[in-house]
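Below: the structure, in structure tokens.
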Amino acid sequence: MANQICFKSYCWAVGTTSYRTDKFNMNIELQLALLKEFWELPEQIGGTWRKNNALQARYYRFLKSREFVKGDAPRPDKDAREKTSGLRDIGLLDDGRQITEAGLALLKIAQSGDFTPDNLLEIPKDSYLYFKQLLKTACCVDQTYVRPFVVFLYAVSRLDYLTYEEFTYLLPLCIDRQTTEKVIEGIRLSRLGALQYEEILLSVLMEMENYRQALQLLQEEEIEESVICNIGINRKSARYDKPYYILYQILHRIAFQQENLALELLEATKKLTNGKVGGAWRKYFFRSVNKRAIAKGGLSMLNPVKILQTQSEQAFRREFFRIMHLFKAKATLADYFDLNRRYFKITGLALFEDGRVKLDILPKCYIGQIADRLPEFAFTKTKLLEKDVPLEAIHASLTVDSGRLYRQLGQLLQTPVFDKASAHSVIKKERYDRMQKLIDEKFDNDTLITLLSHFENRKDEEIRAMVTDNADIPTIFEYVLAIVWYILSGRTGDVLAYMNLSLETDLLPKTHAGGGKADIVWQYEKTEAYPKHTLLLEATLADGANQRRMEMEPVSRHLGDYCLEHKPELKNEEAYCIFVTTFLNTNVISDFRARRFMEYYNAAGTDYVTGLKILPMQTAELKKALKSGITYPQIYKLLDQAHNSGGAPKEWYETQIAQAGVWNGV
């Protein structure tokens with residue numbers, strides 16, 4: 001019996017697959033704040049995390065008491081470790097789960113609520129900190145170190161972009177300089193049609209000693225269950241590969257004896273312990289996985305794949321080995337895609353859209369200037385992971401001349417760029433071009449109407465699937481409302497600024513632990529249809545008594561404070577508020593109607609404004625507006641007339657707003 005062939009890691013991943021979470025940014029910030037609170041509790045003072053299952057379990061229960069986790073984990077200590085390991089990996093926590101200098105810097109940014117870019121790359125403050133942390137983050141792969149994000153930056157700069165397949169199945173294989181160059185060259189050839197990405201993956205595996213040893217064993221030994229289990233190189237235990245022995249026997253009989261075992265082959269693939277791998281085998285071999293069709297059609301239901309056409313025993317065994325490990329590797333690498341994507345996206349540099357991964361425009365210029373030097377530290381470990389240090393401290397090559405960077409940006413966009421101000425201007429234009437494309441492709445009127453209906457019925461999972469899982473539902477509601485209003489306003493106005501929301505590089509919303517500003521503040525210049533004015537859009541999904549409790553005071557306060565703050569310029573222009581919700585509470589309508597006659601004072605009671613113009617509206621009206629194609633000038637006229645009309649609040653809303661003919665284009 002040959003010696004057991006050991007598994008060796010062949011790829012990297014950032015974080016851990018045992019902990020996947022939506023609202024990624026918010027949950028990182030929340031957990032840092034919760035850990036800080038946890039360690040300050042009297043009972044935790046002097047406690048240590050390592051090898052302390054009792055303390056780790058207490059942390060899990062602490063998270064549960066703060067509603068950060070739900071349910072009851074069978075092993076709370078393990079769950080606590082999983083919740084924190086990703087933050088440790090990127091240097092926000094140390095091994096003892098204490099918040100590091102870098103973690104405290106992120107927490108400070110999050111608690112300030114100010115994410116305004118203050119760096120050369122024009123990315124938000126928190127993204128810039130994540131960028132520096134990911135530059136330092138290293139994974140240990142088979143006793144060597146690799147910095148995944150640095151490798152990504154190098155590869156994407158050399159190749160201009162990565163397809164999702166290349167990002168998923170090939171990039172994580174880049175664990176050293178030699179393999180990285182091999183993969184990059186392989187991708188170039190695959191784009192020319194000279195090579196399939198699966199061949200690149202297999203070629204990397206077959207350069208590893210354990211895979212070469214396994215293939216040699218398969219070709220030389222008499223086939224037994226123990227041999228198949230051994231050459232499976234299972235990372236957990238060889239016994240998990242026992243089903244492959246039956247699979248091998250069935251395929252062998254089909255290939256060499258032409259036995260009609262198609263149905264048996266289908267059932268054998270279902271016995272594989274990894275469901276994704278079994279599905280890959282079925283897709284590879286069968287035209288259809290319908291059992292009746294296979295029972296009737298027999299071998300004619302099989303695809304003419306290479307292994308079934310082999311002429312020799314050695315060729316059959318080699319092809320079986322290739323299929324076995326290709327599907328295993330693809331399943332493993334596919335598990336890491338979402339994890340790597342989440343971590344790379346929080347840097348504010350990486351764009352994932354249209355099936356491609358690329359760099360945003362200014363980061364692309366920046367990385368282009370330093371790409372050749374990235375391999376100098378891409379395969380090293382740093383002692384600075386837990387520190388909050390400037391870029392040049394991470395590596396000298398990360399420093400660039402701003403003037404040169406701006407000139408390169410201008411060349412890329414074919415427009416003059418001389419300084420920070422002009423760079424900001426062209427970047428803003430490029431973002432708006434992408435925003436128009438995003439709306440056209442992802443948020444047409446029918447989609448927006450569907451989303452508004454989902455908000456009304458609180459179909460949260462559908463909403464996340466249609467928009468993003470990196471924001472909570474109230475934030476997504478504000479975002480969708482801003483897009484709706486942008487469309488109703490004829491796509492005019494600085495909507496990305498008016499939103500007052502944090503956006504990812506792909507211009508989708510993200511939620512922070514402290515929450516963003518609730519107001520969407522829209523500025524309108526004078527036209528024939530309306531005077532110059534400011535509109536505050538307030539959005540809520542609260543209904544019933546909660547709506548009255550949560551929204552009556554904040555809405556009037558936001559508008560009142562705005563009017564007081566801008567009192568001088570409002571002498572000649574108007575500021576008013578539209579309150580948008582899915583279902584209006586009658587007492588909320590009544591309160592807002594009363595505000596038109598009331599004084600609103602500042603905190604000191606030394607200044608006031610008289611009369612606040614607040615108009616309530618339901619999403620039902622917005623859906624009608626999108627269907628009928630009416631525009632903001634018509635809505636402004638309707639709401640202005642409604643504001644100046646009389647009547648009891650409930651009846652006033654029904655007749656003057658909800659049932660107004662304008663929504664139907666009348």
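The values are calculated or read from the model by the stated rules, or taken from the named source; none is laboratory data. The model shown is predicted, which means the values in this text are computed figures rather than measured ones. Please note: Cβ atoms are built from the backbone with ideal geometry, for glycine as well, and neighbour counts cover all protein chains shown. Accessible surface areas use protein heavy atoms only, side chains included; no ligands, DNA or RNA. Shrake-Rupley method; radii C 1.70, N 1.55, O 1.52, S 1.80 Å.
Against the conditions (1) farther than 17 Å from residue 12 by Cβ; (2) assigned to a helix (DSSP H, G or I); (3) of a type in the set (Lys, Arg), residue 236 satisfies every one except (2). Within the bounds of the range 51-66, is there any residue that is in contact with a Gly (Cβ under 8 Å, 6 or more places away or on another chain) and under 25 Å from residue 346 (Cβ atoms)? No, there is no match, as no residue in the range 51-66 is in contact with a Gly (Cβ under 8 Å, 6 or more places away or on another chain) and under 25 Å from residue 346 (Cβ atoms). Looking only at residues in the range 138-176 that are among the β-branched types (Val, Ile, Thr) and part of a strand (DSSP E or B), which one is most open to solvent (accessible area, probe 1.4 Å)? Per the stated criteria, the residue is 144.
Selection of the range 51-73 for residues being under 31 Å from the mean Cα position of the chain (by Cα) and not in a helix (DSSP H, G or I) yields 66, 67, 68, 69, 70, 71, 72, 73.
Residue 405 meets each of the listed conditions (1) touching a helix residue (DSSP H, G or I) at 6+ places or on another chain (Cβ under 7 Å); (2) farther than 18 Å from residue 117 by Cα apart from (2). Taking residue 203 as the residue in question, decide whether it is in contact with a Lys or Arg (Cβ under 9 Å, 6 or more places away or on another chain) and surrounded by fewer than 18 Cβ atoms within 10 Å (Cβ to Cβ). For residue 203, the condition - in contact with a Lys or Arg (Cβ under 9 Å, 6 or more places away or on another chain) and surrounded by fewer than 18 Cβ atoms within 10 Å (Cβ to Cβ) - is met. Going by the structure shown, is residue 569 under 22 Å from residue 523 (Cβ atoms) and loosely packed, with under 13 Cβ neighbours inside 10 Å? Yes; evaluated as a whole, the condition is true for this residue.
For the range 619-649, the candidate set comprises residues that are open to solvent by less than 10 Å² (accessible area, probe 1.4 Å) and under 19 Å from residue 526 (Cβ atoms); within that set, the residue that is farthest from the chain's Cα centre (by Cα) is 639.
Conditions (1) farther than 18 Å from residue 535 by Cβ; (2) in contact with a Leu (Cβ under 8 Å, 6 or more places away or on another chain), marked per residue:
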{"residue": "600", "(1), (2)": "no, yes"}
{"residue": "606", "(1), (2)": "yes, no"}
{"residue": "618", "(1), (2)": "no, yes"}
{"residue": "629", "(1), (2)": "yes, no"}
{"residue": "633", "(1), (2)": "no, no"}
{"residue": "643", "(1), (2)": "no, yes"}
{"residue": "646", "(1), (2)": "yes, no"}
{"residue": "655", "(1), (2)": "yes, no"}
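Condition check: modelled with pLDDT of 95 or more and at negative phi. Does residue 388 satisfy that? Criteria met by residue 388. Only a single criterion out of (1) farther than 28 Å from residue 9 by Cβ; (2) open to solvent by less than 80 Å² (accessible area, probe 1.4 Å); (3) in a loop (DSSP other than H, G, I, E, B) is not satisfied by residue 256, namely (3).
Across the range 583-600, which residue is nearest to residue 654 (Cα to Cα) among those that are open to solvent by 30 Å² or more (accessible area, probe 1.4 Å), in contact (Cβ under 8 Å) with a residue 12 or more places away in the chain and in a helix (DSSP H, G or I)? Top of the filtered list is 586. Residues of the range 431-455 that are in contact (Cβ under 8 Å) with a residue 60 or more places away in the chain and either in contact with a strand residue (DSSP E or B) (Cβ under 7 Å, 6 or more places away or on another chain) or open to solvent by 40 Å² or more (accessible area, probe 1.4 Å) (or both): 431, 445. Here residue 413 fits the description: more than 20 Å from residue 91 (Cα to Cα), in contact (Cβ under 8 Å) with a residue 40 or more places away in the chain, in contact with an Asp or Glu (Cβ under 8 Å, 6 or more places away or on another chain) and open to solvent by 40 Å² or more (accessible area, probe 1.4 Å).
List the helices (runs of 4 or more DSSP H) that sit entirely inside the range 601-653 and contain at least 3 residues that are of a type in the set (Lys, Arg). Because the criterion is at least 3 residues that are of a type in the set (Lys, Arg), the helices (runs of 4 or more DSSP H) in the range 601-653 that meet it are 619-628. Report yes if residue 580 is farther than 25 Å from residue 542 by Cα and either in a strand (DSSP E or B) or in contact with a Gly (Cβ under 7 Å, 6 or more places away or on another chain) (or both), otherwise no. When the stated conditions are applied, residue 580 does not pass them. Considering the range 519-556, and only residues there that are modelled with pLDDT under 90 and open to solvent by 40 Å² or more (accessible area, probe 1.4 Å), the residue that is nearest to residue 609 (Cα to Cα) turns out to be 553. Residues that are open to solvent by 60 Å² or more (accessible area, probe 1.4 Å), farther than 19 Å from residue 104 by Cα and in a loop (DSSP other than H, G, I, E, B) within the range 27-47 comprise just one, 46. Across the range 359-403, the qualifying residues are those that are within 22 Å of residue 179 (Cβ to Cβ) and among the charged types (D, E, K, R), and the one among them that is surrounded by the fewest Cβ atoms within 10 Å (Cβ to Cβ) is 372. Within the range 77-109, the residues that satisfy the criterion of being in a helix (DSSP H, G or I), open to solvent by less than 10 Å² (accessible area, probe 1.4 Å) and over 18 Å from residue 344 (Cβ atoms) are 80, 84, 103, 107.
Please give the number of the condition residue 208 fails out of (1) open to solvent by 40 Å² or more (accessible area, probe 1.4 Å); (2) closer than 25 Å to residue 10 by Cα; (3) hydrophobic (A, V, I, L, M, F, W, C). Of (1) open to solvent by 40 Å² or more (accessible area, probe 1.4 Å); (2) closer than 25 Å to residue 10 by Cα; (3) hydrophobic (A, V, I, L, M, F, W, C), only one is false for residue 208: (1). In the range 496-513, the residue that is nearest to residue 632 (Cα to Cα) out of those that are part of a loop (DSSP other than H, G, I, E, B), within 19 Å of the chain's Cα centre (by Cα) and not charged (D, E, K, R) is 501.
Can you pull out every residue in the range 259-299 that is within 27 Å of residue 222 (Cα to Cα) and not in a helix (DSSP H, G or I)? Correct list: 259, 260, 261, 271, 272, 273, 274.
Among the residues of the range 330-347, is any touching a strand residue (DSSP E or B) at 6+ places or on another chain (Cβ under 7 Å), modelled with pLDDT of 95 or more and outside any helix (DSSP H, G or I)? So far as the range 330-347 goes, no, none of its residues is touching a strand residue (DSSP E or B) at 6+ places or on another chain (Cβ under 7 Å), modelled with pLDDT of 95 or more and outside any helix (DSSP H, G or I).
Please find, within the range 111-137, the residue that is least open to solvent (accessible area, probe 1.4 Å) out of those that are farther than 24 Å from residue 427 by Cβ and assigned to a helix (DSSP H, G or I). Here the residue is 136. Scanning for something within 22 Å of the chain's Cα centre (by Cα), in a helix (DSSP H, G or I), of a type in the set (D, E, K, R) and at pLDDT 95 or above, does the range 369-382 turn up at least one residue? For the range 369-382, residues within 22 Å of the chain's Cα centre (by Cα), in a helix (DSSP H, G or I), of a type in the set (D, E, K, R) and at pLDDT 95 or above: absent. Residue 11: within 23 Å of residue 146 (Cα to Cα), in a loop (DSSP other than H, G, I, E, B) and open to solvent by 80 Å² or more (accessible area, probe 1.4 Å), yes or no? No; evaluated as a whole, the condition is false for this residue.
Applying the criterion of being acidic (Asp, Glu) and touching a residue at least 12 places away in the same chain (Cβ under 8 Å) to the residues of the range 44-79, the residue that is nearest to residue 96 (Cα to Cα) is 77.
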